[in-house]
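To start, the structure itself, in structure tokens.
The values are calculated or read from the model by the stated rules, or taken from the named source; none is laboratory data. Treat the numbers as computed from the prediction; the structure is a model and nothing was measured. Heads up, the Cβs are rebuilt from the backbone with ideal geometry, glycines too, and the neighbour counts pull from every protein chain shown. Areas reflect the complete protein model, heavy atoms only, side chains present, ligands, DNA and RNA absent. Shrake-Rupley method; radii C 1.70, N 1.55, O 1.52, S 1.80 Å.
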Amino acid sequence: MIVFQAYIASNLNAQTVYNRDTLLLAAHELINESSYCGLVTVDSAGQPHVRTMNPFPVGEDFIIWFATSRTSRKVQEIRNNPKVSVYFSDHNTAKGYVNLSGKAEVLDDKELLVKMKRAYWEGIPDWQDIFVLIKIVPGKLEVINYKQGVNNDPATSGAPSIVF
């Protein structure tokens, strides 16, 4: 028992430092493997709400785009409080996760919406009047990617992070 405690104590101080490019690559890998993610917003009473979303492909800038109904609860919550989190993970493979926190903006831009159109929207009558876009600009990114060797801090269990 004492040997085990000594082993833990000696490893608690062994924090790995990752460079920015390694973390970005590890995050992008997990995001690109995820079809869906969780979007967390906060209502007017301070209660968080999470829902499954299907993001547009995420570029090198880590800006995240969604389309949603203009009358959805998430649109109202973002307009009242633009602070959001987006969580990517495949729990079937347990490769890790990415949590991106930032500021969201609701864009009612029909021209941009048409440019970003998904094929299945054609089956939705009046989709151009129904949907708005949500744009999330990242503020902080946290990533755990076991395949890339990006692990949590043994002392705090915190994920390596990047502030944009």
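Structure data summary
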{"quantity": "Selection from T71, H91, M116, by position along the positive dipole direction of the stretch 51-117 (Cβ)", "calculated": "T71"}
{"quantity": "Accessible area (Å², per residue) of the chain, counting only protein heavy atoms and a probe of 1.4 Å", "calculated": "59 Å²"}
{"quantity": "Net dipole in debye of the chain [+1 Lys, Arg Cβ; -1 Asp, Glu Cβ; about Cα centre; nearest 20]", "calculated": "200 debye"}
{"quantity": "The stretch 110-164: relative contact order as a whole-number percent, Cα under 8 Å and 6+ apart", "calculated": "28 percent"}
{"quantity": "Derived scalar couplings ³J(HN,Hα) [the stretch 157-164; Karplus, 6.51 cos²θ - 1.76 cosθ + 1.60; whole Hz; x for Gly, Pro]", "calculated": "6, x, 7, x, 9, 10, 9, 7"}
{"quantity": "For the stretch 93-101, Karplus couplings with θ = phi - 60° (6.51, -1.76, 1.60), whole Hz, Gly/Pro x", "calculated": "9, 6, 7, x, 7, 10, 10, 10, 10"}
{"quantity": "Nearest-10 value in Å² for the accessible area of I63, using the 1.4 Å probe", "calculated": "40 Å²"}
{"quantity": "Computed [θ] at 222 nm, helices only, for the chain once each DSSP H run of length n ≥ 4 contributes -39500 (n - 2.57)", "calculated": "-7000 deg cm²/dmol"}
{"quantity": "Solvent accessible area, Å² - H28, 1.4 Å probe, full protein context", "calculated": "20 Å²"}
{"quantity": "Rg over Rh [alpha-carbon atoms, Kirkwood Rh] for the stretch 99-164", "calculated": "1.22"}
{"quantity": "Residue with peak Gaussian network fluctuation, the chain [Cα springs, cutoff 10 Å], from S35, S101, S85", "calculated": "S35"}
{"quantity": "Hz values of 3J(HN,Hα) by residue in the stretch 115-124 - Karplus curve (6.51, -1.76, 1.60), Gly and Pro given as x", "calculated": "5, 8, 3, 9, 4, 5, 5, 4, x, 9"}
{"quantity": "The stretch 39-121: GluC sites (Glu not before Pro) in DSSP loop, at most 16 other beta carbons within 10 Å", "calculated": "E60"}
{"quantity": "The chain: relative contact order as a whole-number percent, Cα under 8 Å and 6+ apart", "calculated": "25 percent"}
{"quantity": "Pairwise FRET efficiency - V50 versus K103, Cβ, R0 = 22 Å, nearest 0.05", "calculated": "0.80"}
